[in-house]
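The values are calculated or read from the model by the stated rules, or taken from the named source; none is laboratory data. Values in this document were obtained by computation on a predicted structure and should not be read as measured data. Here the Cβ is made from the backbone with ideal geometry for all residues, glycine too, and neighbour counts use every protein chain on show.
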Amino acid sequence: MEAVAGLLFGFGGIIGFILLIAVLRSFRVLNEYERGVIFRLGKFSAVKGPGLIILIPILDRMIKISLRTIALDVPGQDIITKDNVSVKVNAVVYFKVINPQLAIIQVEDYMYATSLISQTTLRTVTGQGDLDDLLAHRELVNSRLKELIDKSTEPWGIQVMNVELKNVDLPVEMIRAMSRQAEAERDKRAKIINSEGEFMSAQKLAEAGKILGTDPNALQLRYLQVMTEIATEKTSTMIIPLPMEIMRYFTSMTEKYERENKELNK
């Protein structure tokens, strides 16, 4: 009898220990950013949390899910743009679960499914535009990616917060061609700016010549001013001034000689 009693006591102790473990495991604590999807006998029961959660042993099963924003690194995708340029692009997708029930029931693995949707959408969107649009209008590409990915993941209870292109890797030959194009464009702008400067300088010189030509004394004063500026530079240049009256004398003699020749020819 003592052996049977000891056996029953030991068996009862084991059963009690198992029940104690089951009772302790029925108490769960969820953080503020966590929710628990409860299944009772395989059927959806409720979404609970945060705080203390009490489960019915054996009957209830809980799947814990986080509501924090997740940064998903989309692997690099080899694409061909609309203008037949091969590039490799990668992106980052920021999303979060807004409906834990749908994220668990509607899709087997929402992280893996979102990653695949992001990869296929990235290839589709970036392959529909030219290389210049991809490089110069990233905001439009990001907006289009966000719209399409969010539309695909909405039935899973997932909201896409933002999508950002990280890198656009170009072939070495394309980088060299773009460098030559940019250099040629800079040379073009430099020549245009230089030509505009020469044109404006010629205009100002013509206007100055007209002003100096209205008064003979103005040209003489300008001549003396230039001499003063050269003298202040302390160079070894020798300046021999020639009075403007002498130049005007030779000019008047030349005009007189030409008039006399015209009269003789008549």
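In this structure, is S152 touching a residue at least 40 places away in the same chain (Cβ under 8 Å), closer than 24 Å to I65 by Cα, surrounded by 14 or more Cβ atoms within 10 Å (Cβ to Cβ) and not assigned by TED's automatic domain parsing to the domain that holds Y33? First the steps, then the outcome.
Details: touching a residue at least 40 places away in the same chain (Cβ under 8 Å): no; closer than 24 Å to I65 by Cα: yes; surrounded by 14 or more Cβ atoms within 10 Å (Cβ to Cβ): yes; not assigned by TED's automatic domain parsing to the domain that holds Y33: yes.
So S152 does not fit the description; no.
May I ask you to say which residue of L116, L135, L148, L140 is in a helix (DSSP H, G or I), in contact with a helix residue (DSSP H, G or I) (Cβ under 7 Å, 6 or more places away or on another chain) and among the hydrophobic types (A, V, I, L, M, F, W, C)?
L148
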Report, by residue number, each residue of the stretch 53-84 that is under 25 Å from I117 (Cβ atoms) and either outside any strand (DSSP E or B) or touching a His at 6+ places or on another chain (Cβ under 6 Å) (or both).
-> L67, R68, T69, T81, K82
For the stretch 92-120, pairs from a residue that is within 16 Å of Y33 (Cα to Cα) to a residue that is surrounded by 17 or more Cβ atoms within 10 Å (Cβ to Cβ) and of a type in the set (D, E, K, R), with Cβ under 7 Å and 6 or more apart or across chains, are P100/R35
State yes or no: is S86 surrounded by fewer than 16 Cβ atoms within 10 Å (Cβ to Cβ), in contact (Cβ under 8 Å) with a residue 40 or more places away in the chain and of a type in the set (G, A, S)?
-> yes
Being among the charged types (D, E, K, R) and either at positive phi or loosely packed, with under 14 Cβ neighbours inside 10 Å (or both), is that true of even one residue in the stretch 110-129?
-> no
For L52, indicate whether it is loosely packed, with under 13 Cβ neighbours inside 10 Å, modelled with pLDDT of 85 or more and touching a Leu at 6+ places or on another chain (Cβ under 9 Å).
-> yes
